[in-house]
Every structure is written in C-alpha cells, then in structure tokens.
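A quick write-up on the structure given underneath.
The values are calculated or read from the model by the stated rules, or taken from the named source; none is laboratory data. Remember, predicted model here, so these are calculated numbers, not experimental data. Glycine gets a Cβ as well: all are built from the backbone with ideal geometry, and neighbour counts include every protein chain shown. Ligands, DNA and RNA are stripped out before the accessible areas are found, and what is left, the full protein with its side chains, is counted by its heavy atoms. Shrake-Rupley method; radii C 1.70, N 1.55, O 1.52, S 1.80 Å.
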Amino acid sequence: MTRDSTDLTFVIAAALQALDGLTVDDAHKRARAILMKAAELGHGGATYHLHTLDYQIRDDIAARVRAEHNGRNVQQLARRYGRSRSTIYRILKRGASDEA
C-alpha cells in the first residue's frame, strides 16, 4: 500500500502515532476505521480544509496577548509571539471592541 502524505488516512494515522504512540500499522487501521465511520455517518464525498497550526492557535495567542499587555510592552509581545507590532495592535483593538 502506498502512503501519500496528502491522503487523509495518512494524516490521521500520523496524528494518532504522535498523540497516542500507536504503531504505524495500528495507527493506519484506526485512521481507516475513523474514515469509514465518518463516511457511514454521511460525511463521505465532502471536502475539508485543515488549517495550519498557526491559524488554529491564533485565538489562544490573541487571548494571551490581551492578558499580558500592560500598555507598554507591545514590542516584547510581538517578539514573544512572533508577530509584528501592527498585528499586536490589531489584536488589542479587536479585544477592546469585543469588550465594548
């Protein structure tokens, strides 16, 4: 069996290996079972997009930035979270409008 890195079975199996320490074969079997159940539940034929890790954790980073902001540490926050100062200001502005 060829394992193409774009195949969803491979992606799920790799995640199962990393998360649960499953062997390659066990992870692949479990991933296949997950996909079969998803198809059985009516999710077959659908197209899904897997966001980057950066995208998935952005809300968490924004919450941390808002919690750690003291009015004078924008540059420090930008460095800590690998964002530009303008992005930090945008995060803070959005937080202020959400709280209003």
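Structure summary
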| quantity | calculated |
| --- | --- |
| Sparse-neighbour loop sites [chymotrypsin sites (Phe, Trp or Tyr not before Pro); the chain; at most 15 other C-beta within 10 Å; DSSP] | Y48 |
| Solvent-accessible surface ranking, highest first, for E68, E40 at 1.4 angstrom | E40, E68 |
| Net lengthening on full extension, R58/A15 (0.36 nm per residue, minus Cα-Cα) | 13.4 nm |
| Among (i) 1.57; (ii) 1.11; (iii) 2.11, the entry that matches Cα Rg over 2.2 N^0.38 Å as calculated here | (i) |
| Over the chain: helical MRE at 222 nm, DSSP H runs n ≥ 4 each giving -39500 (n - 2.57), nearest 500 | -20000 deg cm²/dmol |
| For K93, solvent-accessible area (1.4 Å; no DNA, RNA or ligand), Å² | 150 Å² |
| Gain on full stretching of the segment that runs from K93 to T47 - 0.36 nm per residue minus C-alpha separation | 13.1 nm |
| In Å², nearest 10: area of R85 left accessible to a 1.4 Å probe | 130 Å² |
| Rounded accessible area of L8 (nearest 10 Å², 1.4 Å probe) | 90 Å² |
